1. Identify all residues within segment B:72-82 that are in a loop (DSSP other than H, G, I, E, B) and open to solvent by less than 10 Å² (accessible area, probe 1.4 Å); write none if there are none.
2. Quick one: is D:SER83 among the hydroxyl-bearing types (Ser, Thr, Tyr) and in contact with a strand residue (DSSP E or B) (Cβ under 9 Å, 6 or more places away or on another chain)?
3. When you go through A:GLY209, A:GLY180, A:GLY196, A:GLY162 one by one, which is the residue that is touching a Ser or Thr at 6+ places or on another chain (Cβ under 6 Å), facing another protein chain (nearest Cβ under 7 Å) and not acidic (Asp, Glu)?
4. From B:PHE265, B:PHE232, grab the single residue that is open to solvent by 10 Å² or more (accessible area, probe 1.4 Å), of a type in the set (Phe, Trp, Tyr) and within 14 Å of chain A (Cβ to nearest Cβ).
5. Considering only residues that are in contact (Cβ under 8 Å) with a residue 40 or more places away in the chain and either in contact with a strand residue (DSSP E or B) (Cβ under 6 Å, 6 or more places away or on another chain) or within 11 Å of chain A (Cβ to nearest Cβ) (or both), which ones fall in segment B:276-286?
6. Assess whether A:ALA15 counts as being more than 20 Å from A:CYS75 (Cα to Cα), without any contact (Cβ under 8 Å) to a residue 40 or more places away in the chain and buried (at least 18 other Cβ atoms within 10 Å of the Cβ).
7. I need every pair where a residue in segment B:156-179 that is under 26 Å from B:LEU20 (Cβ atoms) has its Cβ under 6 Å from the Cβ of a residue that is open to solvent by 30 Å² or more (accessible area, probe 1.4 Å), sequence separation at least 6 or different chains.
8. I'd like the full set of residues that are farther than 20 Å from A:GLU263 by Cα, among the polar types (S, T, N, Q) and within 7 Å of another protein chain (Cβ to nearest Cβ), limited to segment C:242-262.
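The values are calculated or read from the model by the stated rules, or taken from the named source; none is laboratory data. It should be emphasised that the depicted structure is a prediction, and the values quoted were computed from it without experimental measurement. Here the Cβ positions follow ideal geometry from the backbone for every residue, glycine too, while neighbour counts run over all protein chains shown. Accessible surface is based on the protein model in full, side chains and every heavy atom, while ligands, DNA and RNA are left aside. Shrake-Rupley method; radii C 1.70, N 1.55, O 1.52, S 1.80 Å.
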Number of protein chains: 4
Amino acid sequence: MNKYGFLGLGIMGNAMASNLLQAGFEVTVWNRTLEKCSSLVERGARLANTPREVAASCDITFAMLADPAAAMQVCFEADGVLSGIGDGRGYIDMSTVDGETSQAISVGIRDAGGRFLEAPVSGTKKPAEDGTLIILTAGDRSLYEEAVPAFEKMGKLFPFLGETGQGARMKLVVNMIMGGMMTAFCEGLSLGQKGGLDGQQIIEILMSGALANPMFAGKGPMILKGEFPTSFPLKHMQKDLRLAIALGDQLGQPLANAAAANETFKRARQLGLSEEDFAAVCKAID
Amino acid sequence: MNKYGFLGLGIMGNAMASNLLQAGFEVTVWNRTLEKCSSLVERGARLANTPREVAASCDITFAMLADPAAAMQVCFEADGVLSGIGDGRGYIDMSTVDGETSQAISVGIRDAGGRFLEAPVSGTKKPAEDGTLIILTAGDRSLYEEAVPAFEKMGKLFPFLGETGQGARMKLVVNMIMGGMMTAFCEGLSLGQKGGLDGQQIIEILMSGALANPMFAGKGPMILKGEFPTSFPLKHMQKDLRLAIALGDQLGQPLANAAAANETFKRARQLGLSEEDFAAVCKAID
Amino acid sequence: MNKYGFLGLGIMGNAMASNLLQAGFEVTVWNRTLEKCSSLVERGARLANTPREVAASCDITFAMLADPAAAMQVCFEADGVLSGIGDGRGYIDMSTVDGETSQAISVGIRDAGGRFLEAPVSGTKKPAEDGTLIILTAGDRSLYEEAVPAFEKMGKLFPFLGETGQGARMKLVVNMIMGGMMTAFCEGLSLGQKGGLDGQQIIEILMSGALANPMFAGKGPMILKGEFPTSFPLKHMQKDLRLAIALGDQLGQPLANAAAANETFKRARQLGLSEEDFAAVCKAID
Amino acid sequence: MNKYGFLGLGIMGNAMASNLLQAGFEVTVWNRTLEKCSSLVERGARLANTPREVAASCDITFAMLADPAAAMQVCFEADGVLSGIGDGRGYIDMSTVDGETSQAISVGIRDAGGRFLEAPVSGTKKPAEDGTLIILTAGDRSLYEEAVPAFEKMGKLFPFLGETGQGARMKLVVNMIMGGMMTAFCEGLSLGQKGGLDGQQIIEILMSGALANPMFAGKGPMILKGEFPTSFPLKHMQKDLRLAIALGDQLGQPLANAAAANETFKRARQLGLSEEDFAAVCKAID
């Protein structure tokens, strides 16, 4: 059985590492601020002092870090992952990073003799705790296969999508569809309400038929109340639409509907809604 | 307990009347071609010779007719519904008709002393059999309330939406959102596949997350196979988008995303896809 | 030489009839409020008491009326054009009316034994005075040919476009292009100014190159000043875009760019700009 | 009076340098392939062996090079402009280059002690010969003012637009408007022709009114004939639309109409029209 390492024990990482421990795996943990390790250590995790130590002593090291800068630092700093990884050991970065960062880490790990998998996740705290994340993996296939027993404890779906970069690409496709669904939803609500229909009834009817989906269920009441506590910031959605359209440009794929959605989100940014939840795009429509 | 009448025993009507009978209600049926009545009569339905006879002898008469012309004829012909309805009895037209037809029937019934409810349904054969239709009612509120015991046997949701016309309006809003979701879905699939992702994996990932919905589950495989057996014809979807946008024009509601979707469906019509299922819009995108 | 009649002596009609008189033609005039006839009568025009009198005594009667209702009344009222037109005499309606009105008048005139030409004009007061209007004619070809000597005095271009309705259709095409050019212009000005360029310089550069056109020259300064004295009301432009898109729907012609422009004009209407000049659409873009 | 240098004597450069010579200025020329210098030398131009020699011996050196790579090489190679420019002499690059290239050359020239102006031109062979180019200048204001006597011989308009980069930005704005006008024009032609109007008449009517512009006059007949000899390649127009939209994204300017035009041009690329003239976009619309 593999020995697993886990770097980065924020809300997500803690829940994910906890699921590995719970399943009976041997887990070595590290976090830049030590106190976040304590609950896992109490439950049997081994504690390491540096990312290097984790990478050197485990077959597969997982990372769940806050942002691209943290992901880079953990790899490339002195006593970072690269200095410990060699001998074909595996490194699986589950942080959400841009393509360039992912590519740089991939090359670094391989040059150091390791194997690399990008594995950004879809889902937040609850699915992390329940072990029902969606994990979009891409990179080294043999590493993917070795990691399956761990993925099974952390996620409900963990497709292997091809070479490094395809994980991020899949996320763009999903988010582009999400942006289009949201603008369609908001336009329908605005049209219906202007036409004398009750917003609550529109949502109930949608949720009873072929279009029913968790996003409409979750965001619909926010839109009717006009309150948008941020779960996924509007500016990030607009950025993903922009990147998806740029990808379409590069691949020769016209995207007339995504382009219209992007302009609607840009109008929302112009109205000062960048930091609100992306459902606030309804204010640019109504 | 009310006596119910049922006019029009096609695939849908037969299933719906059957559910009323099954529930123990007294049901009087009529159909222009007599043989379609036989199975219901065998199971205890009373047979009438004219729509007039049904309307005159039942507290509430339901109709489920093929198209606006049939809906008009059944009401306005000699021995039609109007000649039997008087005395505050109820007439509930569940056919899918345009606003003008609905309005004309509404006025006719009321002038003849009856009460009227429009009640177009969302759902096809299977939900009709299972009694899980979505019934969008509008018109006479007192009639709606009296009909609830019958609606409970035919549908899983039967909101009352206001004055005559609001049922059709709700259907437009739902279909407009459906058209927008379909174009977003097809653009995402095309972009992903051009970018080297597997179509089947894209659908699986969508179906595991917040965007999961029955339409993607049902239409996705059709799109991947490139076969489009018609369930909802593309030309009808484009017509509904056009009507929704016209409604937006009238109400002063900009609909930039629906307008883009409409143009994509128009391009599909231009490619000769009018009679195929509306999911065939993907051919105008790919 | 033909005897000409002229009905409707507002700003436009007065200038147009005056050009006919000036050219030496015999002109009989009528206007519902008599005083508007005086200057033309002083210069030699004959005065008639009713539209019927004009139509009965002239070979060709022109009309330039305020709106569809006035155009209908002048034809169909007692002592209207229909009662005097018979014997193959000609009636040329130069008012801007919708297709149904034009069709109704066309049928009425022909049933009364006359010949009909629709001839809406493009151009306002100055071109009317200068005899440089653009006259979009359609209907009876023989009447068109007989009217050429009169058209030569009123317009600089007067193409014959086919059967009744094609004149109005041409106007829709031109106005649809106009709406698209205006939104492109406004987006360019907004983008450039947000990017630190000077609006005046942008216009000068545009006016020196292949895109130079009288509309940019005329509307550009209005946009920079933010003042929009109404020459062509924004709501009429949006209506023409809507009608052009409806025509495209009917003919199977996708119009993705016109649809985007239409939504921008709808947004402008929503901002309360309906009665301002259509160049005020820039406020919905900026 | 200034001594002028001229680097790059292709079709454009030859015509431009010729106009300087014609006006009586002392002009020193250089071209990588020597024979292109001969006609100018016969007419009195001095010949130099390297860009360095030109830059070192002239007050102001103009360059009109084929592409960004040529523009970089002429500056940065051994015996390039940088090695001769010092002492506040001026370098004016009139080539069409991207912003990064322009920025790199600007920094290089200034670091070497010179002054820099970017000055991309709008117009092709004929305006170059006639001295009626539009020259979009940006960078060093004092250099601009000194160069005015030369600009007067080469162009009819030569606005100073601010700091380096604003020349390229102005060109993007103009081309974005051009793309929008072209799609509006093509949609109008397609709609009108499908509606039974004559394409030639549509163009004549447009050219008689407020929308008349040289581009419609030049491209209209190409579109009616369906032949598109390349003057400005379609792929470059689509690239400029993409860059303009990216600029809008950066500046927070929604551009719904430009986005629709961009998608139409992308569809044209997908149809294999990249290398044809940008008027061929009509094939993606019709």
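1. Answer for segment B:72-82, where residues must be in a loop (DSSP other than H, G, I, E, B) and open to solvent by less than 10 Å² (accessible area, probe 1.4 Å): B:GLY80, B:VAL81.
2. no
3. A:GLY209
4. None of the other options fit; the residue is B:PHE232.
5. Within segment B:276-286, B:VAL281, B:ILE285, B:ASP286 qualify.
6. Judged against the criteria, A:ALA15 is not a match.
7. Final answer for the pair search is B:LYS156/B:THR132; B:PRO159/A:GLN201; B:ALA168/B:GLY99.
8. Within segment C:242-262, C:GLN253 is the sole residue that qualifies.
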